[in-house]
Amino acid sequence: MTEIQKTVRFKIKRQKDSETQPHWEEFDIPYRAGMNVITALWDIAKNPVTANGQKTTQVAWDASCLEEVCGACTMVINGKVRQSCTALIDHLSQPITLEPMTKFPLVRDLRVNRQRMFDALKRVKAWIPIDGTYDLGEGPKLSAQEQQIGYVLSKCMTCGCCVEACPQYNDRSEFVGAAALSQVRLFNLHPTGKMQKEERLETIMGSGGIEDCGNSQNCVEVCPKEIPLTTSIAELNRQTTLYGFKKIFQK
Amino acid sequence: MRAVKKWLQENNFFIRKLHSLSGVVPLGAFLIEHLITNSFAKFGPEVYNQKIEWFQSLPYLYALEYGFIFIPILFHALLGFVFLWAWSDNSARYPYGRNWMYTLQRASGMIVFVFIAYHVWEFRFETQLTGAPVNFDLVANSLSNPLIFYFYVLGITLTVFHFANGLWGFCVHWGITVGPRAQKLSGFLFLALGLVLVYIGLDALWAFR
Ligand code: SF4
């Protein structure tokens with residue numbers, strides 16, 4: 001009894017390192033109900049043979065949480081940036097193309113180095129300093145309304161979708177990107193974080209900061225966490241504008 | 001070049017804000033005034049020529065021209081070209097409405113620069129060199145060439161687009177419209193303004209036919 005097995009066709013951009021030229025490889029993966037891009041990549045890892053029967057190396061990619069909260073498995077799937085763990089095969093048209101994100105240095109195949117995003121978080125001081133030489137005691141209370149706004153902003157997983165889709169983010173610009181900017185809004189909203197509000201605003205008023213935003217608004221379209229990034233940016237535009245006037249007229 | 005880069009970096013915030021502001025005042029304000037003034041052509045050559053004479057008789061004319069028009073245009077346009085450096089277009093891959101507007105804003109800016117350069121050369125500087133009188137006939141003559149006429153149709157339309165969409169960006173950039181609802185409403189408002197201005201501009205253009 002021979003049952004014809006349904007397969008899924010993949011087209012994957014392979015690249016050994018950032019120096020070598022990329023090439024495409026195709027794979028046919030046996031179909032299983034409910035499979036996603038990660039499980040397909042696992043299948044390829046078990047049996048790295050291309051669609052025309054050639055033995056090849058395993059495809060390198062990053063993944064960790066498998067539930068769209070860590071951001072590690074972000075890649076460009078069928079031309080759009082997203083997480084591969086939540087990219088269900090049933091919802092994708094074939095052949096399914098997998099490419100690494102284009103805005104970060106390539107490590108290998110689908111694996112990139114998102115260091116620039118973490119550097120951006122450091123640059124904009126995306127934290128609340130509470131360490132001191134003595135106990136600072138309790139901070140002020142957070143209103144329910146602030147909690148709600150803050151909660152949404154805190155869901156960012158630094159996945160890189162927003163900057164991958166941003167036309168202003170590339171190696172010709174030092175733009176910190178929507179994710180980092182949105183964190184400035186988060187920490188400027190927090191009653192304890194507010195105490196360093198102007199310090200944070202200063203970090204985004206230099207070149208590569210908020211003024212590099214060109215309002216294409218792609219970030220908010222592609223953010224898997226549905227973070228209102230363009231609202232964050234416009235809110236920071238308001239904060240920096242007011243602070244800018246203050247600097248002119250109060251000094 | 002290095003010095004320019006350093007200056008841009010050190011004063012990034014205020015330069016960008018000034019770039020945005022210069023597009024609205026004086027340039028946008030002047031655009032509205034200019035389109036409306038041109039509409040006097042609808043009342044015939046005599047009325048139109050009177051208006052031109054009135055403008056030419058203004059005191060401090062050169063200061064007005066250079067201070068409120070030529071220098072701001074050059075400032076706005078040249079900085080605009082500098083900012084284009086960071087542009088990596090992806091509107092085909094991410095074809096969202098706002099992304100198209102983002103791309104069109106930049107594309108229109110470049111075309112409008114060429115258009116304005118031609119327009120100012122033809123009716124302001126060339127005439128100054130040759131001593132030819134600036135009047136209805138001069139414009140009508142130039143526009144009798146269909147190629148130039150349709151270049152003006154394109155130029156006026158794109159200039160108004162760049163201005164109206166620029167106003168939308170201005171409101172975001174200065175933190176006036178923050179949420180999605182406000183940004184959507186302002187979009188409709190500036191679309192309406194743009195349509196009105198294109199109508200006024202093209203209607204005047206046709207008066208020279
Ligand atoms: S803001 Fe959204 S798209 Fe950007 S890094 Fe955070 S989760 Fe990813």
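Which one is nearest to A:Ile96 (Cα to Cα), of the residues in the range A:13-51 that are among the basic types (Lys, Arg) and outside any strand (DSSP E or B)? Out of the qualifying residues, it is A:Arg32.
Does the range A:233-240 include one or more residues that are surrounded by fewer than 19 Cβ atoms within 10 Å (Cβ to Cβ), farther than 20 Å from A:Lys122 by Cβ and within 11 Å of chain B (Cβ to nearest Cβ)? So far as the range A:233-240 goes, yes, one or more of its residues are surrounded by fewer than 19 Cβ atoms within 10 Å (Cβ to Cβ), farther than 20 Å from A:Lys122 by Cβ and within 11 Å of chain B (Cβ to nearest Cβ). All conditions in (1) closer than 18 Å to A:Asp171 by Cα; (2) touching a residue at least 40 places away in the same chain (Cβ under 8 Å); (3) surrounded by fewer than 17 Cβ atoms within 10 Å (Cβ to Cβ) hold for A:Pro100, with the sole exception of (3). Can we say B:Arg98 is touching a Phe, Trp or Tyr at 6+ places or on another chain (Cβ under 7 Å), part of a helix (DSSP H, G or I) and open to solvent by 20 Å² or more (accessible area, probe 1.4 Å)? So B:Arg98 fails the test. Within the range A:119-133, being at pLDDT 95 or above and open to solvent by less than 50 Å² (accessible area, probe 1.4 Å) holds for A:Ala120, A:Leu121, A:Val124, A:Ala126. Of all residues in the range A:188-228, those satisfying the criterion of being within 10 Å of the ligand (Cβ to nearest atom) and more than 11 Å from chain B (Cβ to nearest Cβ) are A:Cys223, A:Pro224, A:Lys225, A:Glu226, A:Ile227. Considering the range A:52-133, the qualifying strands (runs of 3 or more DSSP E), each wholly inside and each with 3 or more residues that are away from the ligand (no atom under 16 Å from the Cβ), run over A:96-99, A:106-108.
Taken over the range A:134-184, the criterion of being more than 12 Å from the ligand (Cβ to nearest atom), among the aromatic types (Phe, Trp, Tyr) and surrounded by 15 or more Cβ atoms within 10 Å (Cβ to Cβ) is satisfied by A:Phe175 alone.
Residues in the range B:71-94 that are of a type in the set (A, V, I, L, M) and either open to solvent by less than 30 Å² (accessible area, probe 1.4 Å) or more than 21 Å from the chain's Cα centre (by Cα) (or both): B:Ala77, B:Leu79, B:Ala86, B:Ala92. If we scan the range A:10-21, do we find a residue that is open to solvent by less than 20 Å² (accessible area, probe 1.4 Å), in contact (Cβ under 8 Å) with a residue 60 or more places away in the chain, within 22 Å of A:Asp171 (Cα to Cα) and of a type in the set (Lys, Arg)? Yes, there is a match, as at least one residue in the range A:10-21 is open to solvent by less than 20 Å² (accessible area, probe 1.4 Å), in contact (Cβ under 8 Å) with a residue 60 or more places away in the chain, within 22 Å of A:Asp171 (Cα to Cα) and of a type in the set (Lys, Arg). Here B:Leu143, B:Leu147 are screened, and the one residue that is closer than 26 Å to B:Ala207 by Cβ, at pLDDT 95 or above and surrounded by fewer than 16 Cβ atoms within 10 Å (Cβ to Cβ) is B:Leu147. Within the set B:Leu205, B:Leu189, the sole residue that is more than 15 Å from the chain's Cα centre (by Cα), within 26 Å of B:Ala41 (Cβ to Cβ) and of a type outside the set (D, E, K, R) turns out to be B:Leu205. For the range A:165-187, the criterion of being under 28 Å from A:Lys247 (Cα atoms), within 14 Å of another protein chain (Cβ to nearest Cβ) and of a type in the set (Ser, Thr, Tyr) is met by at least one residue. When the residues of the range B:47-58 are filtered to those that are without any contact (Cβ under 8 Å) to a residue 40 or more places away in the chain and open to solvent by less than 90 Å² (accessible area, probe 1.4 Å), the one that is farthest from B:Asp137 (Cα to Cα) is B:Leu58.
The values are calculated or read from the model by the stated rules, or taken from the named source; none is laboratory data. Keep in mind it's a predicted model, so treat the numbers as computed, not measured. Please note: Cβ atoms are built from the backbone with ideal geometry, for glycine as well, and neighbour counts cover all protein chains shown. With ligands, DNA and RNA removed, areas are computed over all heavy atoms of the protein, side chains included. Shrake-Rupley method; radii C 1.70, N 1.55, O 1.52, S 1.80 Å.
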